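Just below is one structure, and these are the notes that go with it.
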């Protein structure tokens with residue numbers, strides 16, 4: 001019995017291969033699986049994204065109509081993040097209450113889109129400011145688009 005306990009150490013000293021159970025895949029320690037790496041939003045480079053200018057113009061037009069009450073917020077839900085959707089929803093509710101308090105009805109706004117200024121702070125991110133000229137006043141709409149999952153999504157929208 002004494003020789004059996006010393007025999008494995010002597011074979012290890014002679015350079016024998018490790019037992020086969022030590023290299024089984026179930027014994028290998030792997031890093032923890034992070035599902036966001038596979039199932040979260042995947043950033044997309046600018047080269048893989050379409051021209052953003054039509055989206056900027058349409059999104060600006062839609063946001064102005066949504067705030068006026070002439071368009072449903074659900075129509076742009078695909079193109080904005082959850083945070084932007086929630087912020088716009090708050091503004092829609094405030095605008096609806098103000099119209100109700102004044103007793104005014106919903107009127108489709110009349111405006112024209114002016115100049116657009118684009119800035120690209122890093123690859124796959126685009127910031128834009130669009131001038132919107134209405135009958136009563138001129139406003140600016142600031143947008144931040146990020147390439148996520150192969151398409152542009154608005155991660156920030158501000159109507160100034």
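Each value in this text was obtained by applying a stated rule to the coordinates, not by laboratory testing. Keep in mind that what you see is a predicted model, and the values were worked out from it rather than measured. Ideal geometry is used to build each Cβ from the backbone, glycine not excepted, and the neighbour counts take in all protein chains shown.
Laid out as a table, the results:
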| item | result |
| --- | --- |
| Exposure proxy ranking, count of Cβ atoms within 10 Å, fewest first, for 48, 146 | 48, 146 |
| Antiparallel content of DSSP bridges confined to region 29-160, in %, to 5 | 95 percent |
| Separation of the residue 77 and residue 115 label points, Cα + 7 Å toward Cβ, nm | 3.8 nm |
| Rounded FRET efficiency, nearest 0.05, which uses the C-beta distance separating residue 136 from residue 89 and R0 of 22 Å | 0.35 |
| Relative exposure of 110, 95, 115, judged by other C-beta atoms within 10 Å (fewest first) | 115, 110, 95 |
| Residue 98-residue 149 pseudo-label distance in nm [points 7 Å out on the Cα-to-Cβ vector] | 3.3 nm |
| Nearest-0.05 FRET efficiency for residue 53 and residue 108, computed from C-beta distance (R0 30 Å) | 0.80 |
| Segment residue 41-residue 125, extension gain: residue separation times 0.36 nm, minus the distance between their alpha carbons | 28.8 nm |
| Size of region 46-159 as Cα extents on the principal axes (Å, biggest first) | 49, 28, 18 |
